[in-house]
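The values are calculated or read from the model by the stated rules, or taken from the named source; none is laboratory data. Here the structure is a predicted model, which means the values were calculated and not measured. Because the Cβ atoms are built from the backbone with ideal geometry, glycine has one as well, and the counts that use them run over all protein chains shown.
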Amino acid sequence: MVVSYGSLAPRMDDMEGVFTFFAQQLTEIDQELVMIEYPDLKGRIHFPLNFDGNNATQGREYRTYDRTGLAQFGLGFPRVGINATARYATVKSITDSFEYNFQEIRNAQAAGLGLDSALAEVAHRAIAELEDYAIYMGDPDTNTPGAFTHPNFPIQLAPFAISDASTATQIFRIFNQLFNQFPIATRGKRKANACIMSTRALTYLATTPWNETNSSNISLLDMVKQAHPQVEFDDCNWCPGAGDQGEDVIFAYERAPRNMHVWIPQDFETLETVGPTPEYSWVTGCHERFGGLQVRFAFGAIMYEKA
């Protein structure tokens, strides 16, 4: 008997059928991924989104304008004009991939079932996590600043963290200073309407009474909300240790597209499946085009951290 070792290799006879099968599966997987929610990744919740562009967008230039010159009494006719500051935002690709081996494909085809979308969900999650991190912390390798690392946002330093403050009045004063700086610095043009902090700090505010007896059942967070009802509070996974000294930060900002937005020219997509590899598996690439957090104004946010 003659044994052909080559015949022991697995074969996928209907290659065209395999790719047709994958195309159908990826369409279904893409639809499923749109419905998947990750409540602990909040970058797309905390900041407005901008999807202008497409998968070929490399970058764009945007300008901010300020006026120059003043009027005067008399017939001097002084010149006024516009001073434009140009900025260029580059777009980066975020990628990963997932693969199915030949037996997983055979089993799915034989059973008349779809491929398990768990691998695609993991690939989607990995890209979503990197995107979320970059929204807040930026990416120094590509010179992309994030919300907590942007050079245009001033930092307010204090001798204590929120949970270390000795009195409720000190904490109340911290938030007054944060929120009141917006209308003062911008002459009433902008007001903070959002504030994010660590879960630890937000929980402390929500559970610590305004006074020792707390006869009115009012927490520190309640008092701050009463003084600044336009501000929405939320927690963020990246706040802990985000400060220069490794302390939790409190980030107050105006949440509005005119102020800042996250630019995503190409949202998450699955690319054409490639295979078979030498190991008889089929690989599907995943891709997103990410432009980062685009900031329009120098005083669009302010951070608080322990000195």
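Taken over the stretch 102-121, the criterion of being at pLDDT 75 or above and either farther than 15 Å from L26 by Cβ or touching a Gly at 6+ places or on another chain (Cβ under 9 Å) (or both) is satisfied by F102, Q103, R106, N107, A108.
The conditions of being aromatic (F, W, Y) and under 16 Å from Y253 (Cα atoms) are met by F148. Restricting the stretch 161-207 to residues that are over 17 Å from A301 (Cβ atoms) and touching a strand residue (DSSP E or B) at 6+ places or on another chain (Cβ under 6 Å) leaves a set whose member that is surrounded by the fewest Cβ atoms within 10 Å (Cβ to Cβ) is A206. A single member of F160, F172, F148 is touching a Phe, Trp or Tyr at 6+ places or on another chain (Cβ under 8 Å), touching a residue at least 40 places away in the same chain (Cβ under 8 Å) and among the aromatic types (F, W, Y), and it is F148.
Kindly provide the set of residues from the stretch 250-301 that are in a strand (DSSP E or B) and charged (D, E, K, R), ordered by number. The answer is D267, E269, E272, E288, R289. Note on the stretch 221-234: residues that are acidic (D, E) and free of Cβ contacts under 8 Å to residues at least 40 places away in the same chain total 2. Name the single residue, out of those in the stretch 212-223 being over 26 Å from the mean Cα position of the chain (by Cα) and either small (G, A, S) or at pLDDT 80 or above (or both), that is nearest to V249 (Cα to Cα). Ranking the candidates gives L220 first. For the stretch 258-268, filtered to residues that are of a type outside the set (V, I, T) and in contact with a Lys or Arg (Cβ under 9 Å, 6 or more places away or on another chain), the residue that is surrounded by the most Cβ atoms within 10 Å (Cβ to Cβ) is M260.
Filtering the stretch 180-199 to residues that are at pLDDT below 90 and closer than 21 Å to T167 by Cα leaves only N180.
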